[in-house]
Every structure is written in C-alpha cells, then in structure tokens.
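I have placed the structure first, in the form of structure tokens, so that the comments after it can refer back to it.
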C-alpha cells in the first residue's frame with residue numbers, strides 16, 4: 001500500500017466513513033476510493049485537495065512529503081473557519097440546503113428565533129475570544 005493510500009484509509013476510518021460514504025462525499029465511487037487506498041490508482045490533484053480539505057490535513061501530508069498532518073497555518077481564525085467548514089461537510093449541512101433560504105421558509109417563528117439566538121451566541125463567543133486574544137498580544 002502506498003503512503004497516500006495508507007493515509008487516506010486511516011483518515012477515512014478515523015472519520016468513521018465507509019468507502020461508500022466517502023465516495024458520496026467526494027463525488028467518487030466506492031471502487032475509486034478502494035483503488036486509491038490500495039495504491040492501484042492515484043487521484044488527480046483536485047481530488048487530493050478535496051481529501052486534504054475534508055480531513056483537515058495538508059496535501060503534502062497525504063502525499064508523504066511531510067509527517068505533520070496539519071498544514072502550516074499562522075492565522076488561527078483561518079484554522080477555525082476551516083474547522084467550521086469541515087464540520088459543515090461532516091454533518092452534511094451543505095447538502096441539506098443550509099445556505100438555501102427557500103429551504104428555511106417552512107420553519108416556525110420560534111424555530112427561527114432559536115436559530116438566531118444560537119448564531120448570536122456563537123458570534124458573542126467569537127467576539128469574546130477575539131477580544132481576549134487582542135489583550136494577550138498587547139501585554
């Protein structure tokens with residue numbers, strides 16, 4: 001098994017995905033996932049980048065160019081946004097029409113209010129963290 005194949009398999013298993021489910025996520029067949037993991041076929045660079053983004057690792061890690069799975073990231077906010085993006089993908093929110101306002105029209109006023117309160121809480125927590133981070137850097 002190739003380094004790429006071995007790492008793809010370990011990451012897929014770590015995310016509790018079957019080959020079939022991974023194929024659905026990446027727009028591939030179960031057979032293609034199997035071939036990449038077994039090293040009998042190599043994905044094109046676009047697919048490698050999709051794997052890296054989804055699993056939160058660098059393409060260099062997947063390809064065996066480094067043993068550090070985390071891409072260098074000096075910007076903590078970008079890392080946080082990448083994690084949020086990863087969670088959206090993991091929970092299939094992008095496939096549920098999360099960003100499609102038409103799909104939200106069936107919600108009740110109470111449900112909408114609850115969602116707004118949740119997002120306000122998230123924004124408040126982020127603001128607190130940013131404020132505390134700025135204080136730490138000023139000291």
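Compute the Rg to Rh ratio over region 3-62 from the alpha carbon atoms, using the Kirkwood formula for Rh, and round to two decimal places.
Working: Rg = 9.9 Å, Rh = 11.1 Å.
Ratio of gyration radius to Kirkwood radius for region 3-62: 0.90.
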For residue 20 and residue 128 in the same chain, what is the full-extension length gain: residue separation times 0.36 nm, less their Cα-Cα distance, in nm? 34.8 nm
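As an exercise, use a Förster radius of 22 Å and the Cβ-Cβ distance of residue 44 and residue 13 to find the FRET efficiency, rounded to the nearest 0.05. List each step's numbers first, then the result.
Values: r = 23 Å, r/R0 = 1.05.
Calculated transfer efficiency: 0.45.
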Residue list for region 2-40, given a label point 7 angstrom along the Cα-to-Cβ vector of residue 53 and an amide N cut-off under 15 Å: 25-28
Can you figure out the FRET efficiency of residue 121 with residue 88, using R₀ = 25 Å and their beta-carbon distance, to the nearest 0.05? 0.90
Can you sort 4, 87 from fewest to most other Cβ atoms within 10 Å of each residue's own Cβ? 87, 4
Residue-span extension gain [residue 110 to residue 35] - 0.36 nm each, minus C-alpha spacing: 22.2 nm
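Any read-out appearing in this document is the output of simple, stated calculations on the displayed coordinates, not a laboratory observation. Everything numeric here is computed off the predicted structure, so don't read it as measured data. Note that each Cβ is placed from the backbone with ideal geometry, even for glycine, and that neighbours are counted across all protein chains shown.
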